[in-house]
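Accompanying notes for the structure given below.
Laboratory data are not the source of any read-out in this text; all were calculated from the coordinates shown. Because the structure is predicted, anything quoted here is derived from the model rather than measured. Here the Cβ positions follow ideal geometry from the backbone for every residue, glycine too, while neighbour counts run over all protein chains shown.
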C-alpha cells in the first residue's frame with residue numbers, strides 16, 4: 001500500500017460516513033472519494049422512523065459530520081451521483097456524472113433498496129417506503145391528526161412508524177401476513193407482548209392478513225387485504241425489508257449470495273474491493289457461518305474493520321449480532337441469532353414489559369431479548385462474548401443482579 | 001445563574017446503578033463512584049439514549065444503545081461512536097442529601 005493510494009467509498013450512508021472517519025483514523029493519508037446517490041452528507045438512519053416522525057417539523061435530523069469536516073480531511077464528495085459500474089481489471093468506476101474514476105481500493109457501503117410490493121395500484125400516490133431522510137420527511141407531511149395510515153408489514157420499521165404515527169394522532173392499521181408481529185426476530189410469546197402494546201395504543205393490528213391491492217383513482221384511498229377487508233387509507237407506509245445492493249458487485253465480478261460475500265476481514269473475492277454494512281453476507285467467526293444483517297451495529301463496526309484492513313491491518317470482525325427498536329416508551333433489544341426459539345428463561349415481568357429473556361445452548365447464552373432492560377442486556381452481551389457457562393436458576397432470579405452473575409461467571 | 005439544588009438522597013444512588021433526575025429542562029444522570037456522587041447530562045451526545053439506563057463500570061458510563069463510553073468525572077467522550085463530551089455538574093452531599101449546581 002502506498003501513502004498516496006486513492007480509496008473510493010461507494011455509498012454515503014451511515015457506513016460510508018464511518019468509513020471516512022475510520023480510514024483517516026487508521027492513518028490513511030491518500031485521497032478519499034465518497035460517492036453517494038443521495039444528495040445528503042452521511043447520516044444515521046435509526047431516527048428516521050422514530051424521533052423524526054414523532055414531532056411536527058421532524059426536529060433532530062443530524063448529519064454525522066458537517067461539510068467542513070470532509071473539506072478539512074481532504075475528502076472529495078460526489079453526492080447525488082450514482083456509481084454505474086466497476087471495471088475491476090482496469091480499476092475504474094463509471095459514474096452517472098460521466099466520470100471514469102480510477103481507484104486503488106474500493107469500499108462498497110451501498111446498503112440496500114427497499115423491497116417493493118408488486119400488487120395492483122402499487123404506483124398510486126401516497127404509498128411510501130422508508131429508507132432515506134427524504135422518505136422520512138415525505139411521510140412526516142402526511143402525519144396529520146385524524147388521517148388514516150395503513151402500514152404494510154409488522155416488522156421493526158413498520159411498527160416504529162405505527163408508534164410514531166400514533167404519537168401524532170393518526171389512525172393506524174397494521175397489516176401483517178404472518179401469524180405474529182416481528183416474526184423474523186421474535187418468538188411468539190414476546191411478539192404477543194408487542195401486539196398488546198400496539199393495541200393498547202389504539203393501533204388496529206391485522207395478523208394473518210396480507211396485502212392484495214391498493215385502491216384509488218390517482219391517490220390511494222383504500223387498501224384491499226387478502227381477507228377481503230377493505231381499509232380506508234389516506235396514505236400507506238410499506239416496510240417489508242430491503243434488497244441488498246449488488247449491481248456494482250456484479251459488474252466487478254464479485255462473489256454474491258444474498259448480498260456481497262465477504263469474509264471476517266470484510267474482504268470480497270477481489271483483493272482491491274471491500275464491502276461493509278447492510279449489503280454484505282459476511283462470515284461471523286462467533287457463529288461459524290455467513291449472515292446478512294440490516295442493522296446499525298453492522299454498519300458501524302464492520303465498516304470500521306473494513307477501513308482498518310484497507311490500511312493494511314488484519315482485524316477480524318466478530319461480534320454477537322445485536323439490534324434494537326423503540327416503540328412508544330418501550331425499548332426492545334435483541335442479541336444473538338438463534339436458529340429458532342425454545343425454552344426461554346424469563347427474568348422479570350413479561351406482560352409488564354419489564355424483562356429480559358434468555359435462550360441457552362449447551363449451558364451458554366445463545367440469545368437474549370430485553371424489553372426496557374438495556375442495562376441487563378449489556379451484561380447479557382458480555383456473557384455471550386465471554387462464552388460463559390450459566391446457571392438457569394440464577395438467570396431467572398431477578399433478586400440476583402445480572403452484574404453478580406457476570407462477576408461469578410467470569411471470575 | 002446556576003445554583004445548588006437538592007435532587008436526591010445519597011442512599012438512592014448505588015454503586016454502578018446510576019439514576020436520572022430532572023431539573024427544569026435538564027435531564028441529569030447521577031452516579032456513585034467509590035462512594036462519591038457525580039452528575040452528568042443524562043442524554044448521550046451521540047443519539048437519544050438515557051445514560052442512566054447504561055452500564056457503569058467504575059468511573060465510566062456506557063451508553064445503552066451504541067456502546068459509546070464517557071468518563072463520569074470529566075464527561076470526556078472515550079470511544080466511537082461518541083465524540084462530543086458530556087456536560088458535567090458540580091455535586092455535593094450534605095446530611096445524606098445530594099445537591100447539584102444547575
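Things to note:
- Cα gyration tensor of the protein assembly as shown - equivalent ellipsoid semi-axes, whole Å, descending: 36, 31, 24
- Globularity index of segment A:127-238, i.e. its alpha-carbon radius of gyration over 2.2 N^0.38 Å: 1.00
- Debye intensity ratio I(q)/I(0), log10, segment A:1-79, q values 0.20, 0.24, 0.25 Å⁻¹ (C-alpha model): -0.85, -1.10, -1.16
- Modelled label reach - residue B:101, point 7 Å along Cα→Cβ, segment B:54-93 residues with backbone N closer than 17 Å: B:73-75, B:87-93
- Residue A:398-residue B:59 pseudo-label distance in nm [points 7 Å out on the Cα-to-Cβ vector]: 3.5
- When segment A:329-410 is reduced to its Cα atoms, the Kirkwood hydrodynamic radius in Å: 12.5
- Antiparallel bridges, percent of DSSP beta bridges restricted to the protein assembly as shown (to nearest 5): 70
- Normalised by the number of residues in segment A:50-190, the average gap of Cα pairs under 8 Å and 6 or more apart makes the relative contact order 21 percent.
- Share of pairwise Cα separations in segment A:310-364, more than 15 Å, in percent: 64
- Using the Cβ-Cβ distance between residue A:286 and residue A:74 with R0 set to 30 Å, the FRET efficiency works out to roughly 0.25.
- Computed label-point distance, nm, for sites residue A:100 and residue B:20 using a 7 Å Cα→Cβ extension: 5.6
- Cα extents for segment A:269-404 along the principal axes, largest to smallest and rounded to whole angstrom: 53, 35, 26.
- Label zone of residue B:5 (point 7 Å out along Cα→Cβ, amide N under 19 Å): in segment B:80-102 this covers B:87-94, B:97-102.
- Computed from label points 7 Å out along Cα-Cβ, the spacing between residue B:27 and residue A:329 is 1.3 nm.
- The spread of Cα positions in segment A:130-193, taken along each principal axis and listed from longest to shortest, comes to 34, 25, 18 Å.
- Contact order normalised by residue count of segment B:4-101, Cα under 8 Å, 6+ apart, percent: 27
- Chain B has equivalent-ellipsoid semi-axes of 21, 14, 11 Å, by the square roots of 5 times the alpha carbon gyration tensor eigenvalues, sorted largest first.
- The mean sequence distance of close C-alpha pairs (under 8 Å, at least 6 residues apart), as a share of the length of chain A, puts its relative contact order at 14 percent.
- Note on segment A:255-327: Rg/Rh from Cα positions, Kirkwood definition for Rh, rounded to two decimals, is 0.96.
- Percentage, to the nearest whole number, of Cα pairs in segment A:20-140 over 23 Å apart: 46
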